[in-house]
Amino acid sequence: MHTPAQLDHKFIWHPFTQMRDWLAREPIVITSGKGAVLRDVHGKEYLDANSSIWTNLHGHAHPKINSAIQKQLGKISHSSALGFANEPASLLAEKLVESAHPAIGAQASRLRVVNRSFLRGTLKLAVGTPALRLNKVFYSDDGSTAMEVALKLAYEFARRSGRSKNPKFLSLDGAYHGDTVGAVSLGHIDLFHKAYSGLLFKTDKVAAPYCYRCPHNQAKPERGDARDYRKCKFECLKAVEQKFSAQRKRKNPYAAMIVEPLMQGAAGMIVQPEGWLKRVAEIVRNDGAQLIADEVMTGFGRTGFFSELKTQNLELKTALFACQRENVQPDFMALAKGMTGGYLPMAATLTTQKVFDAFLGEYDEFKTFFHGHSFTGNQLGSAAALASLEILQSPQSVSVRKKLQENLRIELNKLWALPNVGDIRQVGLMAGIELVKNWETREPFALRERAGLRVCEAMAKRGVLTRPIGNVIVIMPPYCTTQKQTATIISTLADSVAEILGSKIIPSGQ
Ligand code: PMP
């Protein structure tokens with residue numbers, strides 16, 4: 001074994017990893033990356049099919065992001081946001097607010113050329129209107145801290161606004177919002193969370209719209225996305241309504257509901273049927289509660305593009321966030337992972353003027369938000385994030401992403417030929433493929449069979465890297481992934497499923 005592998009085995013404890021299994025084999029030691037390709041210490045190349053745990057956007061060693069970081073390195077790497085402002089963090093905050101409101105963002109870019117001070121006036125006037133809800137940016141370090149910030153702000157806002165003395169939260173079954181104690185309390189994955197229940201505060205959960213395994217879906221399994229052939233009466237929405245009214249009857253209405261919009265990642269790449277998010281946002285809004293959108297995985301273009309037919313609104317077609325696909329304006333939006341293009345750990349929680357104002361006061365009223373991290377507003381991260389946003393908004397990136405979305409759709413379609421594929425859930429530039437014992441009955445593999453893990457190990461041997469969530473294989477390649485690379489990722493998955501699970505191809509026409 002190479003030295004780094006030996007040192008790793010000797011000293012490192014890996015996240016979400018059974019270390020006994022880890023220590024039983026030589027680890028893949030990554031030494032470099034370029035575009036969608038990672039290279040290991042032996043010179044073997046791999047396709048990065050999960051974008052290095054859903055972080056990378058434009059590929060590894062992107063010249064624009066590298067040079068933005070290098071340029072910033074020459075000035076300063078970090079100074080504290082406790083007491084000081086800095087240029088890249090300020091510029092980035094403006095960009096994030098603009099991209100959270102795509103129509104305004106486009107208008108702002110046009111106006112900026114004409115008159116910057118006029119633009120500021122326009123934005124100021126618009127503050128508080130629905131069009132510019134999210135106009136304050138609180139920086140932190142990762143997805144968990146971004147969610148922790150949203151949670152604490154929503155909690156305190158509910159108390160200060162008189163809504164609740166004892167604020168309560170509602171989140172989705174299977175939710176995962178990070179590993180810090182507050183974020184874990186919002187989560188509902190027993191495997192990860194149950195052991196720590198004594199440490200956590202209680203939150204309510206409601207069923208997620210998991211069409212493929214929904215007890216209300218009367219449709220027999222088909223070779224297609226369960227969202228399209230489901231037969232139900234949207235009972236999952238009624239469940240949300242019931243939760244809100246039951247909590248109202250207890251005379252303590254919810255402070256907020258937390259959702260991963262369009263797709264719940266760690267729950268198993270569970271997708272929401274069209275219209276679910278919009279309707280849930282209305283239920284939350286009508287109740288007077290706040291909506292926390294965890295866009296840690298879905299943000300920065302991951303959810304792809306609208307069908308050209310569904311909207312004539314040109315600005316929205318290039319929307320960067322999942323919420324925008326259903327025209328939903330949350331009260332909090334948590335961003336991390338792809339924010340810096342996946343280069344540096346940095347996160348942000350966007351919120352409203354209303355929440356911000358609730359923390360204003362005389363010094364000795366102590367209304368201050370007493371929360372913050374040492375690396376908040378870090379210059380290197382901000383410089384990388386600014387470069388990444390610029391790439392994202394370029395026509396070239398838009399066209400590359402559209403192609404990847406279409407290539408993925410075409411390639412994923414081929415997987416229906418495998419009887420061990422039960423459901424394929426694509427949202428834009430990501431997908432979950434649920435492996436089953438029998439597609440006609442939806443019979444799952446038991447977790448102890450490690451079906452997903454074994455398939456991913458077989459994929460790694462063939463040069464494609466990703467991680468499963470139970471029996472669900474995640475495919476989330478960097479946006480620069482070519483047609484050929486996309487085809488390789490999916491054919492490698494098919495070969496590995498056939499090898500490990502013994503899938504025989506279903507003859508076409510069946
Ligand atoms: N929210 C979501 C939706 C996530 O997918 C994750 C991480 N997978 C987190 C929060 C936590 O992010 P981090 O690992 O950066 O703390």
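The values are calculated or read from the model by the stated rules, or taken from the named source; none is laboratory data. Just so you know, these numbers come straight off a predicted model, no measurement behind them. Neighbour counts run over all protein chains shown; Cβ positions are idealised from the backbone, glycine included. Ligands, DNA and RNA are excluded from the accessible area calculation, which covers all protein heavy atoms including side chains. Shrake-Rupley method; radii C 1.70, N 1.55, O 1.52, S 1.80 Å.
The table that follows gives values for the structure above.
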read-out: Any hit, segment 334-355, residues being among the basic types (K, R) and buried (at least 18 other Cβ atoms within 10 Å of the Cβ); value: yes
read-out: Residue in segment 10-18 that is on the phi > 0 side of the Ramachandran plot, of a type outside the set (S, T, Y) and within 16 Å of the ligand (Cβ to nearest atom) present; value: yes
read-out: Filtered residues of segment 392-418 (kept if open to solvent by less than 20 Å² (accessible area, probe 1.4 Å) and either in a helix (DSSP H, G or I) or without any contact (Cβ under 8 Å) to a residue 40 or more places away in the chain (or both)); value: L392, S397, R401, L404, L408, L412, L415
read-out: Verdict on S140 being modelled with pLDDT of 95 or more and open to solvent by less than 20 Å² (accessible area, probe 1.4 Å); value: yes
read-out: Residues (closer than 22 Å to N407 by Cβ and more than 13 Å from the ligand (Cβ to nearest atom)) located in segment 40-55; value: E45, Y46, L47, D48, A49
read-out: Any hit, segment 183-202, residues being outside any strand (DSSP E or B), in contact (Cβ under 8 Å) with a residue 40 or more places away in the chain and away from the ligand (no atom under 16 Å from the Cβ); value: no
read-out: Selected residue (only one of E241, E282, E295 is closer than 25 Å to I424 by Cα and acidic (D, E)); value: E295
read-out: The lone exception for G74 - which of (1) touching a residue at least 40 places away in the same chain (Cβ under 8 Å); (2) assigned to a helix (DSSP H, G or I) it fails; value: (1)
read-out: Residue list for segment 235-272, filter: open to solvent by 50 Å² or more (accessible area, probe 1.4 Å) and assigned to a loop (DSSP other than H, G, I, E, B); value: R250, K251
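Yes/no per residue for (1) crowded, with 16+ Cβ neighbours inside 10 Å; (2) within 27 Å of T441 (Cα to Cα); (3) not acidic (D, E):
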position: G178; (1), (2), (3): yes, no, yes
position: G187; (1), (2), (3): yes, no, yes
position: A207; (1), (2), (3): yes, yes, yes
position: P221; (1), (2), (3): yes, yes, yes
position: G224; (1), (2), (3): no, yes, yes
